[in-house]
Structures are given as C-alpha cells and as structure tokens.
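Novice: Input: one structure, supplied below.
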Amino acid sequence: MADRVTEKLLRHIDAAHNAALPGDRRPFRIGGHAVGWLKPDFAEALAETAGLGRDRDGGVTLPAERAAELPGIAQALSEATWFRWRAEEFDVRESEAGPALTRIDRGAVPSFGIVSHGVHCNGLVRKTTGLHLWVARRAADKLLDPGKLDHIVAGGVSAGMGTEKTLIKEAEEEAAISPALAAGARHVCRIRYDMERAEGLRRDLLHCYDLDLPEDFVPSPSDGEVAGFELWPIDQAFETVLETEAFKFNVNLVLIDLFLRQGLVRDATSATALRHALTKT
C-alpha cells in the first residue's frame, strides 16, 4: 500500500520536473545576468526582432542599457504569433533576491524561460468531522487548464507586487475573501520546478499558504476565473490527487505538501521520499 501511494503521488511531482536544462535551449541574458532559456528557433526570432547578434553559445544578450525595451520586444513577438499576450507584467530577475532588471508580459514568460512567482492557498475549514478543503473549478474559458480543479486562491505575482499583497488581492478577486480574513494566511512552504508544457518552459516558484476559514464562510466567484467552489473532506482531495488528473498540475504539488503535513501519508519511508522529491530544485 505504501509503495502504491508513493508511486501515485510521485507521478505528479515527476511530471512537474520533466525539463532537463539546458537541453537544446540557449541562454537569454540581460547584460551580464542570465535570466532565461530559449528554444533555438525562438532565440533566432528574438535576435532578429531586437536587432541583436547571437552569443558564442547560441544565446541572446539584451544589453543592460536596453533592458527597458524588453516589453516592446515581447509585444512584437506576440504579434508575430510566438505566444499569446496576457496584458499582465511580471518582474524579470536573475535570482529571487536580485533586483528586477525589467518587466515582461506574462504570456511571454514560458517562451523566454524566465522564472515566475505565484501564490497558492489551501482554504481550510476545521469541522468536528475533520479537516475540509475548499476546491475551485477553473472556468471553461480559461486559457490554461480550463475546467481543472484548483485552489480557492492562486495567482501569479505581478510586477512590483509581493507575495502577501498578491495573496490578499487574489483572495478578494477570486473568492470574495476579505483582506482582513486573507491576512490570516500562514506561509507553509515553497515549491520550485522546471516543467515543459504546451505553452513552453515553466520555471515556477510557488509560495504556498494555509488559510483557516470559518465554517459559515462560503466563497463566491468574483472575477469570472472560477466556475464555482465545493467544500471537500480532506480524504476526498487525497483520493482525487492519488487516482486522477483532475487538479491543475501544480495544485497537486501544493496538496501533496498539505497531505504530508496532515499525516495522510502514514508510512514514514514514503513520506520522506515524497518530501525529498517535492523540495528538489
């Protein structure tokens, strides 16, 4: 039983770590800062669009003094149908602690192979019958993963925003959770992965939170991104992650962390293996 649980949960973690870098990708640099990875054909298109040459290793370097041009360069590439425009900007950094070098549209991030930050929140209700989890269903018209199950609150960290401010903003927009209530969320872990997806290379850093919600609180969709919410016993969420692909890919990872912290993986060896896999970078 323990091996079965480990194998079934590990499939989600392994799927999110399926990118071997650099592979055939070439570096994208801003001045002396390595910030992303480019497919060869996209590197060529980027160099041509920006009027740049190619580096010796096949990469592309945008001079530091031209960093502010990156949003416009990305827009031109979007208009050339390399990716879809999202009209939301993310900061571009070499490292998490480093300064923001410039900004880029969210839709361009996977093509440029740039690290993006997001917040995910477990909406928890502690009943006398046990722990429950609010589960959202993504709207059918979402660009990515339409109709998949999701967290009550999740979203990317926009340029100039911190994780806590993002969580409070997304909580109000997505689930009508008041800022005062959302401010009670507790940071519980960070999860990092490099994943090949249809939209490109996802190099995500997820900042994960738990939020205890009152029994009488009922979330409501506010921004059209969620079709609806259901309150599930934690065991139902565990079985759904174990046996199906119903949850959005990265939600599985955050829920596995929750399951481990709640002791739902009872075999110590399995729990250790899953924790090690979940925290690898």
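The values are calculated or read from the model by the stated rules, or taken from the named source; none is laboratory data. Note that the structure is a prediction, hence the values are computed from the model and not measured. Please note: Cβ atoms are built from the backbone with ideal geometry, for glycine as well, and neighbour counts cover all protein chains shown.
Novice: Does Arg190 count as closer than 29 Å to Gly36 by Cα and among the basic types (Lys, Arg)?
Specialist: It is true that Arg190 is closer than 29 Å to Gly36 by Cα and among the basic types (Lys, Arg).
Novice: Could you grab me the full set of residues in segment 81-107 that are within 16 Å of Glu199 (Cβ to Cβ) and out of contact with any strand residue (DSSP E or B) (no Cβ under 9 Å at 6 or more places or on another chain)?
Specialist: Thr81, Trp82, Arg84, Gly107
Novice: Moving to a separate point now. Determine if segment 228-249 includes at least one residue that is in contact with an Asp or Glu (Cβ under 6 Å, 6 or more places away or on another chain) and either on the phi > 0 side of the Ramachandran plot or β-branched (Val, Ile, Thr) (or both).
Specialist: The answer is no; no qualifying residue exists.
Novice: Checking the condition in contact (Cβ under 8 Å) with a residue 60 or more places away in the chain, in the same structural domain as Leu124 (by TED's automatic domain parsing) and in a helix (DSSP H, G or I), which residue from Leu201, Leu211, Leu253 passes?
Specialist: On inspection, the qualifying residue turns out to be Leu253.
Novice: So which residues in segment 77-98 are loosely packed, with under 15 Cβ neighbours inside 10 Å and either in contact with a helix residue (DSSP H, G or I) (Cβ under 9 Å, 6 or more places away or on another chain) or in a loop (DSSP other than H, G, I, E, B) (or both), if there are any at all?
Specialist: Answer for segment 77-98, where residues must be loosely packed, with under 15 Cβ neighbours inside 10 Å and either in contact with a helix residue (DSSP H, G or I) (Cβ under 9 Å, 6 or more places away or on another chain) or in a loop (DSSP other than H, G, I, E, B) (or both): Ala80, Thr81, Arg84, Trp85, Ala87, Glu88, Ser95, Glu96, Ala97, Gly98.
Novice: Among the residues of segment 247-260, are any more than 24 Å from Val115 (Cβ to Cβ) and either modelled with pLDDT of 95 or more or under 19 Å from the mean Cα position of the chain (by Cα) (or both)?
Specialist: yes
Novice: Is it fair to say Thr240 is hydroxyl-bearing (Ser, Thr, Tyr) and either part of a strand (DSSP E or B) or surrounded by 14 or more Cβ atoms within 10 Å (Cβ to Cβ) (or both)?
Specialist: In short, yes.
Novice: Every residue in segment 260-280 that is in a helix (DSSP H, G or I) and either touching a residue at least 40 places away in the same chain (Cβ under 8 Å) or farther than 21 Å from Phe249 by Cβ (or both), please.
Specialist: Arg261, Ala268, Thr269, Ser270, Ala271, Thr272, Ala273, Leu274, Ala277, Leu278, Thr279
Novice: OK, next. I want to confirm something. Restricting to segment 60-76 and keeping residues that are of a type in the set (Gly, Ala, Ser) and crowded, with 16+ Cβ neighbours inside 10 Å, which single residue is farthest from the chain's Cα centre (by Cα)?
Specialist: Ala67
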